[in-house]
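The values are calculated or read from the model by the stated rules, or taken from the named source; none is laboratory data. Remember, it's a predicted structure, so these values are computed and weren't measured experimentally. Counting neighbours? That spans all protein chains shown, and the Cβs are built from the backbone with ideal geometry, glycine included.
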Amino acid sequence: MRVVIAEDTVLLREGLAGLLEDAGHEVVGRAGDADALLTLIGEHEPDLAVVDVRMPPDYDDEGTRAAAEIRRTHPSTGVLVLSQHIETRHIVELVTDGGGFGYLLKDRVLDVDDFLDAARRVADGGSALDPQVVATLIGAPGPVRALGELTPREHEVLTLMAEGRTNSGIAKRLWLTEKTVETHVRAILMKLGLTVSDDDHRRVLAVLAYLRAIKG
Amino acid sequence: MSRVLRPVACVIAATAVATGVATAVLNVIGEERGVDHALGLIGAVLFVISVAAPASVGLFVALRQPTNRIPWILLVGSLSVAVVIAASAIADLALEGDRSSTLGAWAALVSQQWPVLFLWPLALAYVFPDGRLPSPRWRPVGALVCLACSGLSLMLLFVPESDTDYGQIASPMPFTLPRSLEPVFWVFWAGLLASLVGGAVALYARYRAGDAQRRRQVLWLAYGAVLVPLWLGGGSVVARVVGSSDDIDFFGIMILQVWPAVAVAVAVTRHGLYAIDRVLNRTLVYVVLTALLVATYALVALLAGLVVGGSALSASVATIAAALAFRPLLARIQALVDHRFARARFDAVRLLRNFLDQVRDGHAEPEDVGAAVSLALADPSAEVVFRLPETGAYANRHGHLIELPDDGRDRVMIGRDERELGVLLHAPGLPPDLVRAVVDGAAVTVELARLRVELRLQLAEVESSRARIAQAGYAERRRIERDLHDGAQQRLVTLGIVLRRIQRSLPRDAIAIDPALDAAVDEVTAAIADLRTIAAGVRPPRLDEGLAAALADLARGATVPVEVSATADRAPPEVEAAAYFVACEALTNALKHASPTHVVVETARENGVLRLLVADDGVGGAETGGGMGLPGMADRVAAQGGTLAIDSPPGAGTRIAVQLPCAS
């Protein structure tokens, strides 16, 4: 797949590019800030943009805003946002806005396979959400009575669902059979009052929509 | 100069009065001899008064201010009037016996100088009270007045015949003016009349241009100036109706001589002219004081002598008694004299003393001294400005630094022991002694007020500098947090990626090094996690998303259930940070010391205030002074200008309520 990377730290940018190229992907553009990123996207229309949240000039949330822009103008380009710390601003909106979006903490890159998997998923129009962000959202304060009714196992499954993993991915993670995972998913969605769907990212959307509802 | 002038003044005054008395005696004699128009006894006495009045007032002022021109006008005027009237009496007496008497002829000639009756009041009208014309523009007028008066006088000196009750007496002068020059005489006469009107106008001009004080000083003389034309005009009308104007002339002259003298006396004694009333006041006070002290001494000495007998002992006792009596007596007599002779000053001083008492009793703020001074001076524009002891800058009662306004108000320094405490601004023309008394009476309060103002200013400065420090501290925390995330953490991630790439590029048979690289990456990951924790301690990045998000993270990390109910309203970053760290410390305290089962954290934003409540159901009994992080919390809140209240009854949990002002 064709990738554009936006990261203001050159060494880190080259490291990421190297990782992706090692895995056989083509890095077609490298940007140091959001403006350059948007130009490159328009130029190359890549499958995936890997974007740092904080970039010049203000080092605030330029990356997230650029991501929203890309999702709006180039729906075919998936955006994987990388952050140094957990942040939920705009994230829920972007994830629930039709897929093709992922959000990971930077150190998640060091689990190379997971990272490449997430990149692939996002490029294909799926979702990827950092487990810590999911934990933050799920553990969000408020009257989360329904979540309290989940069993520990169901909680684990929900967390992995929210990360954007497929049933088989969850099964691999938890050393369960896919069938068992499906049972858990059905139970979770029932307890949360959501309709069951096999569609991969619709499940995430459902979960996140619910999370957003209880958060707001 | 004054050494000569004072005796000269005495001589002139004495001569004038003596001449006046002699004239009166001559008139009384004349009446007995049947001289026409001679003054009777009452008339004679009145005449003496009309000479003595300007003479004595002139002498009184001249003795204190010998170089002042005004008293000399009075002195010379009284003498000239006395001499002319005396000449008239002598002429009558001499001519009654012998129409061709040489003495009579000379006296009759001198008596022709009747304009002197007008001259000194006229001079006074032009130059009272400062001895100068109202303005330089009056100089031509002054010159014309001098010309008219001296011309008239000279012509009268050389008239061919003197007009007397005994007919026309030929002048004894070797040289006389021809009758053909009579029109010139009438020109001068008209000039004198015009000068009288001019004098009235000059007084009016001075009254108009003067401040309140000057107006009061001039007022009485101005009344007189109105009377003179009235008398000249009215007198001739009455003369035509009644037939004889002698009596009217006489009383007119009386008034003309006495009135200006009285007017000057009033200005001097009542309205602070030449600052003589203060001298008078002092004199009166010390005369009475001395008398009372002597009386005290005598009485005590007498009584002590009766009781103990010894002279030395009784003298000592009397001395002590007199010494003890000095201060209270002085104050009492001064108050009495002021009350009687300087009412405004007396009232002002009493008002300020009452104000000081109110300040002492806590019923009034010393900063309000300006209002009290304004009342005491009866001057709404009066204002007291405080001089700050540290900086020497001026501040108003609200503690705002100000420049001394240059708006035409007079400035008087308020001081104590040579130190400037403040400045009194007041409308120009207030009686200087009243202002002085008010300034003295207000000094203590001003001293008090300026210290308070200074204190308040410094406190405000400390508060704002503390807020600035807190803000700088917050900015610094933010910078450190950013540096940790974007610097060290980025490098570690880069290092991890490099390790992973090495690992993945190794040939399959290098599997032995794989676990070591895994371990290295794990270390890097752990280091990143550590850094993230440290950065969050410095400043939780979630604060960027709002206090609610940051508090939610905080709650999640707690070991007991923490219920967060936070407003989504945003406050300034440093206020939110302060609230977060207070909540953080409160939570840490609760978990550490209070063994709660449940903690509630609430925030609300209302009326420009961010409220934070951290309540637990722990053991309670927390104290502000205890080493439980409470002082730190209080400092943090105070730095944002907020308040912190702790309610922690033993056994009933702890509630920490914080209010942080946030400008919105």
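Which one of these is surrounded by 17 or more Cβ atoms within 10 Å (Cβ to Cβ) and at pLDDT below 85: B:629, B:625?
Numbers: B:625 fails: surrounded by 17 or more Cβ atoms within 10 Å (Cβ to Cβ).
When all the criteria are applied, what remains is B:629.
Among the numbered conditions (1) assigned to a helix (DSSP H, G or I); (2) among the charged types (D, E, K, R); (3) surrounded by fewer than 17 Cβ atoms within 10 Å (Cβ to Cβ), the only one that residue B:569 does not meet is (1). Where residues in the range B:397-409 are surrounded by 12 or more Cβ atoms within 10 Å (Cβ to Cβ) and free of Cβ contacts under 8 Å to residues at least 24 places away in the same chain, which of them is nearest to residue B:460 (Cα to Cα)? If we take residues in the range B:397-409 being surrounded by 12 or more Cβ atoms within 10 Å (Cβ to Cβ) and free of Cβ contacts under 8 Å to residues at least 24 places away in the same chain, then B:402 is nearest to residue B:460 (Cα to Cα). Filtering the range A:115-129 to residues that are without any contact (Cβ under 8 Å) to a residue 60 or more places away in the chain and either buried (at least 18 other Cβ atoms within 10 Å of the Cβ) or over 26 Å from residue B:526 (Cα atoms) (or both) leaves A:118, A:121, A:124, A:128.
Tallying residues that are at pLDDT 65 or above and part of a loop (DSSP other than H, G, I, E, B) within the range A:137-165 yields 6. Condition check for residue B:486 on (1) within 30 Å of residue B:372 (Cα to Cα); (2) charged (D, E, K, R); (3) out of contact with any helix residue (DSSP H, G or I) (no Cβ under 8 Å at 6 or more places or on another chain); (4) surrounded by 15 or more Cβ atoms within 10 Å (Cβ to Cβ): one failure, at (1). Of all the numbered requirements in (1) buried (at least 20 other Cβ atoms within 10 Å of the Cβ); (2) out of contact with any Ser or Thr (no Cβ under 8 Å at 6 or more places or on another chain); (3) at pLDDT below 90, residue A:34 misses one, and that requirement is (3). The set of residues in the range B:547-562 that are more than 9 Å from chain A (Cβ to nearest Cβ) and either modelled with pLDDT under 85 or more than 13 Å from residue A:136 (Cβ to Cβ) (or both) comprises B:547, B:557, B:558, B:559, B:560, B:561. Residue count for the range B:500-531 under the criterion of being at the interface with chain A (Cβ under 9 Å from one of its Cβ atoms), more than 30 Å from residue B:542 (Cα to Cα) and surrounded by 14 or more Cβ atoms within 10 Å (Cβ to Cβ): the result is 3.
Put simply, of B:598, B:593 the only residue that is over 19 Å from residue B:481 (Cβ atoms), away from chain A (no Cβ under 14 Å) and surrounded by fewer than 22 Cβ atoms within 10 Å (Cβ to Cβ) is B:593.
Restricting attention to the range B:325-366, the residues that are over 30 Å from residue B:267 (Cα atoms), surrounded by 12 or more Cβ atoms within 10 Å (Cβ to Cβ) and of a type outside the set (S, T, N, Q) total 9.
Of all residues in the range B:331-384, how many are hydroxyl-bearing (Ser, Thr, Tyr) and not in a helix (DSSP H, G or I)? Break it down into steps so the answer makes sense when it comes.
First, pick out the residues of the range B:331-384 that are hydroxyl-bearing (Ser, Thr, Tyr): B:374, B:381.
Filter once more, keeping what is not in a helix (DSSP H, G or I): B:381.
So the answer is 1.
Scanning the range B:65-119 for residues that are among the acidic types (Asp, Glu) and touching a residue at least 60 places away in the same chain (Cβ under 8 Å), we see that the one that is nearest to residue B:268 (Cα to Cα) is B:92. For beta carbons closer than 6 Å, sequence separation of 6+ or different chains, a first residue in the range B:460-480 that is closer than 18 Å to residue B:643 by Cα and a second that is charged (D, E, K, R), the qualifying pairs are B:471/B:574. Of all residues in the range A:120-134, those that are within 19 Å of residue A:161 (Cβ to Cβ) and in contact with a Gly (Cβ under 8 Å, 6 or more places away or on another chain) total 8.
Against the definition (out of contact with any His (no Cβ under 6 Å at 6 or more places or on another chain), of a type in the set (Lys, Arg) and within 9 Å of chain A (Cβ to nearest Cβ)), how does residue B:539 come out, yes or no? Walk me through how you get there before you give the answer.
Numbers: out of contact with any His (no Cβ under 6 Å at 6 or more places or on another chain): yes; of a type in the set (Lys, Arg): yes; within 9 Å of chain A (Cβ to nearest Cβ): no.
No.
If residue A:92 passes every condition in (1) within 14 Å of another protein chain (Cβ to nearest Cβ); (2) touching a helix residue (DSSP H, G or I) at 6+ places or on another chain (Cβ under 6 Å); (3) at pLDDT 90 or above but one, which one does it miss? For residue A:92, the exception is condition (3). Against the test of being over 30 Å from residue B:266 (Cβ atoms) and under 43 Å from the mean Cα position of the chain (by Cα), the options B:222, B:209, B:143, B:205 yield a single qualifying residue, B:143.
Every residue in the range B:117-138 that is buried (at least 19 other Cβ atoms within 10 Å of the Cβ) and part of a helix (DSSP H, G or I), please.
In the first step, residues of the range B:117-138 are kept if they are buried (at least 19 other Cβ atoms within 10 Å of the Cβ); the result is B:117-129, B:134, B:138.
Passing the criteria: B:117, B:118, B:119, B:120, B:121, B:122, B:123, B:124, B:125, B:126, B:127, B:138.
Taking the options B:479, B:452, name whichever one is farther than 22 Å from residue A:13 by Cα, within 14 Å of another protein chain (Cβ to nearest Cβ), of a type outside the set (Ser, Thr, Tyr) and under 60 Å from the mean Cα position of the chain (by Cα). Quick ask: steps written out before the conclusion?
On the way: B:452 fails: within 14 Å of another protein chain (Cβ to nearest Cβ).
Among B:479, B:452, only B:479 is farther than 22 Å from residue A:13 by Cα, within 14 Å of another protein chain (Cβ to nearest Cβ), of a type outside the set (Ser, Thr, Tyr) and under 60 Å from the mean Cα position of the chain (by Cα).
For the range B:541-559, the set of residues classified as under 60 Å from the mean Cα position of the chain (by Cα), surrounded by fewer than 23 Cβ atoms within 10 Å (Cβ to Cβ) and not aliphatic (A, V, I, L, M) consists of B:544, B:545, B:546, listed by residue number.
Here the helices (runs of 4 or more DSSP H) wholly within the range A:1-82 that include at least 3 residues being within 14 Å of chain B (Cβ to nearest Cβ) are A:10-22, A:62-73. Taking residue B:184, is it more than 55 Å from the chain's Cα centre (by Cα), assigned to a helix (DSSP H, G or I) and among the aliphatic types (A, V, I, L, M)? Against the criterion (more than 55 Å from the chain's Cα centre (by Cα), assigned to a helix (DSSP H, G or I) and among the aliphatic types (A, V, I, L, M)), residue B:184 qualifies.
Among the residues of the range A:80-114, the ones that are buried (at least 22 other Cβ atoms within 10 Å of the Cβ) and among the basic types (Lys, Arg) come to 1 in all.
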